[in-house]
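Beneath this line is the structure, given in structure tokens, with notes to follow.
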Amino acid sequence: MGAVALETPPEVRYDAVIMASSFKALPVLALTIVVTIAAASTVIGQGQAPGRGAGAPPGGRRLDPPTPPAVQVGPPSGKLVIWGDMADFTRPGPVLRCYSTSRFKRGQRAGFRMTAIDGGTGEVENSTEMVVHVTHAGKTIDLPMRWRGTQPYPADEYLHAPVEMWTGVWEVPADAPLGTASYTVTANAKFGRTATFNPFPNRLSQLAIVE
């Protein structure tokens, strides 16, 4: 039996031409999409804020704090309010530091951070003087705190000048017995205002000397 030639209908031939043309255009279309996305990403990236460390002053640079506000000249508008926490005050270096903790080993620097606020205005009360009282092994140690609002600060560590912060340090003695210690902070400000801070009473969050 001889071969029979089948004629392809015109509409089928037309559809095949369209499909072939479409497949040939796919690589060009894909390339166009990729280039468009890359260009858009570049523009968006240029408008974003720099990441951590980008544009920041080089490590070790210290900035001067702003001029502190004048001390109140009249009667206070509210009570003296103080609050704070503890942190690892390891000296600057490659070791992680300044993180909140209340557990320290012998030889570590136990740091105390406090703030003082005028309860009426909500502003920092910069006339405040504070002292940390650490009681451990039957002895009480008094640690005067210093206000950080008048001192240069490392620009790569602080989000802004620490004008609201007072700090004090207790270096745990090498012969300190293990166990829980206690501490309070007392404050005195202009116009005879006083305040006392006690940490929360949970035993597990108290200042502790550990192995």
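Observations on the structure shown:
- Straight-distance candidates among the aspartates and glutamates for linking to K79, with alpha-carbon spacing under 17 Å and chain neighbours fewer than 8 residues away dropped: D118, E123, E125, E129, E164.
- Legend: calculated FRET efficiency, T196 to A174, from the Cβ-Cβ distance at R0 = 45 Å, rounded to 0.05, equals 0.90.
Since every read-out is calculated from the coordinates, none of them should be taken as a lab result. Since we're looking at a predicted model, the values are computed, not measured. Cβ coordinates were reconstructed from backbone atoms using ideal geometry, including for glycine residues, and neighbour counts include every protein chain displayed.
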